[in-house]
């Protein structure tokens, strides 16, 4: 587990742009809040509470391991009502997936049912990831970093997501990453439009999702081939 690290000074703070909103590095104590936000945004940006039989499952796949293992790339968004969103990610997806296969998935495989035994159809996809892990995906070797961004409705549409992306892009480039990718559900047109507006380019598309990304031309060589680990947002 990595320790939370202070972020570099990469531009204006949230409060300088959006009064009443601040961000800070993610910490292990944030995990319950991240789990809640992941659930409340887990159905293509909508509340997934009534669709899953396992309230922590989405976060166990898409949020908690990032907050615990790569906290230096994690940011929590807060307002007067508490934590309202986050950006989480990893520098090298292939290395991250090796860690998950060695340390993260084994206890979860004992905790969760097999996908064929899922009580809810919504849980089949995440349960399959828990069971099989995420295999290497060489086509993302030039974009090895990946992200997850989830904001509650009360802080959307205020420029916060764009600022978070700008900061982490600068941070990843400074760390030597040649590029990043992320996957977005095709059922979430608002998120698709947001990433297009934010300067990310479409790298791939399927019936269910889009993969967006960007390159950092001044970065050093990639740390290795990436694995496709970004879930639909």
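Here, each number is a calculation from the coordinates, and none is a lab measurement. All of these numbers come straight from a predicted model, not from anything done at the bench. Using ideal geometry, Cβ is built from the backbone for each residue, glycine included, and neighbour counts are taken over all protein chains shown.
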- line: PRE zone check, label point 7 Å out along Cα-to-Cβ of residue 99, amide N under 14 Å, scope segment 114-157, hits 145-147
message: Taking the Cα centroid of segment 33-98 and of segment 131-148, what is the distance between the two, rounded to the nearest whole Å?
response: 17 Å
message: Ignoring everything except DSSP H segments at least 4 long, calculate the 222 nm mean residue ellipticity for the chain; use -39,500 (n - 2.57) per segment, divide by total residues, nearest 500.
response: -8500 deg cm²/dmol
Value of D in µm² per second that Stokes-Einstein yields for segment 91-139, Kirkwood Rh from Cα pairs, at 20 °C (1.002 mPa s): 185 µm²/s
statement: Taking Cα atoms only, Rg over Rh for the chain with Rh from the Kirkwood formula is 0.93
message: Just to compare against my own numbers: the Cα pair-distance distribution for segment 36-130, 5 Å bins, whole % per bin, please.
response: 3, 13, 22, 22, 20, 15, 6, 1, 0
task: Give me 75, 132 ranked fewest to most by other Cβ atoms within 10 Å of their Cβ, as a rough exposure proxy.
output: 132, 75
